[in-house]
Amino acid sequence: HDDLLVKYVDEKYEDCVAKAQQYTENDKTRKDALPYLYMSMCLFEMSKIPKYQEMDDYKKADRDALKWAEKYRRKDKNKEYFDKYEDYWGELNTMAQESGLNYYESGPKGMTKARHQFDAMTGYYPEDPGAWLMLALTEYQGNMQKEGDDSMKKYQDALTAAGDIGSLPEDQKKLLKAALIHYADYLDSKGDKAGAAKALDTGKDYFMDDAEFKGAYDSYH
């Protein structure tokens, strides 16, 4: 799909989107992973450009970029291309988690939108432990106990698979740090201060140089 690459590099995003969508709808190419990835990358770039922000077709380009990233990952189950686009995942994660955390911190009125953000993140990057933890919290806050328990298990699995928190990409470490603080606050709100302290113990070897984390840690220990 060099034609998509050329259009993307030349910043011809609308042309790239149109061509990539044709590939996703063609019986011969709809199983190819890369067109879905280019859909996501182009929409992400378009979401930052005022011209597209004002167009009905692209005013939700940021959310559509997440949606197409999920579709891409389902096509690239064996991560044939995934690791070659590490910079993009970092950028997409940063956008998704910042808006997701903002929605979460806005309280009940933003919880559904927060859940959608973190659900999308786990869809295209299931190895990201912080995304699973935040998804679990949004589900618990929405009285979705069974779903929250399932996401919490996947958080633990992703954390175990990562091995060392210090080896996570910077964007994932940032999200995990915030997620642990929110998890501790959630447990404390349920009367489980010991659980809150234990949750923060997970990150004490990695995040104690961060004032917000240290403040939360000290308040529960």
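Is one or more of the residues making up the stretch 25-35 open to solvent by less than 20 Å² (accessible area, probe 1.4 Å) and either closer than 27 Å to Leu137 by Cβ or of a type in the set (Ser, Thr, Tyr) (or both)? No - not one qualifying residue is present in the stretch 25-35. Check the stretch 115-131 and report whether any residue there is assigned to a loop (DSSP other than H, G, I, E, B), among the aromatic types (Phe, Trp, Tyr), open to solvent by 20 Å² or more (accessible area, probe 1.4 Å) and in contact (Cβ under 8 Å) with a residue 40 or more places away in the chain. Yes; the residues of the stretch 115-131 include at least one that is assigned to a loop (DSSP other than H, G, I, E, B), among the aromatic types (Phe, Trp, Tyr), open to solvent by 20 Å² or more (accessible area, probe 1.4 Å) and in contact (Cβ under 8 Å) with a residue 40 or more places away in the chain.
In this structure, Ala69 does not qualify as more than 19 Å from Asp10 (Cα to Cα) and touching an Asp or Glu at 6+ places or on another chain (Cβ under 7 Å). For the residues Glu139, Glu212, Glu147, the requirement of being within 30 Å of Tyr72 (Cβ to Cβ), open to solvent by 80 Å² or more (accessible area, probe 1.4 Å), of a type in the set (Asp, Glu) and in a helix (DSSP H, G or I) singles out Glu147. For the stretch 49-59, the criterion of being over 28 Å from Gln172 (Cα atoms), among the aliphatic types (A, V, I, L, M) and free of Cβ contacts under 8 Å to residues at least 40 places away in the same chain is met by at least one residue. Filtered by the rule that a residue be in contact (Cβ under 8 Å) with a residue 24 or more places away in the chain, part of a loop (DSSP other than H, G, I, E, B) and either open to solvent by 20 Å² or more (accessible area, probe 1.4 Å) or touching a His at 6+ places or on another chain (Cβ under 8 Å) (or both), the stretch 164-209 gives Pro169, Thr202.
Close contacts from the stretch 21-45, counting a first residue that is acidic (Asp, Glu) and a second that is surrounded by fewer than 24 Cβ atoms within 10 Å (Cβ to Cβ), with Cβ to Cβ under 6 Å and a gap of 6+ residues or different chains, come to Glu45/Tyr13. Restricting attention to the stretch 56-112, the residues that are open to solvent by 30 Å² or more (accessible area, probe 1.4 Å), assigned to a helix (DSSP H, G or I) and not polar (S, T, N, Q) add up to 20. The set of residues in the stretch 172-216 being of a type in the set (Phe, Trp, Tyr) and closer than 24 Å to Pro126 by Cα consists of Tyr183, Tyr186, Tyr206, Phe207.
The values are calculated or read from the model by the stated rules, or taken from the named source; none is laboratory data. This one's a predicted model, so the numbers in the text were calculated from it and none came from an experiment. Counting neighbours? That spans all protein chains shown, and the Cβs are built from the backbone with ideal geometry, glycine included. Accessible surface is based on the protein model in full, side chains and every heavy atom, while ligands, DNA and RNA are left aside. Shrake-Rupley method; radii C 1.70, N 1.55, O 1.52, S 1.80 Å.
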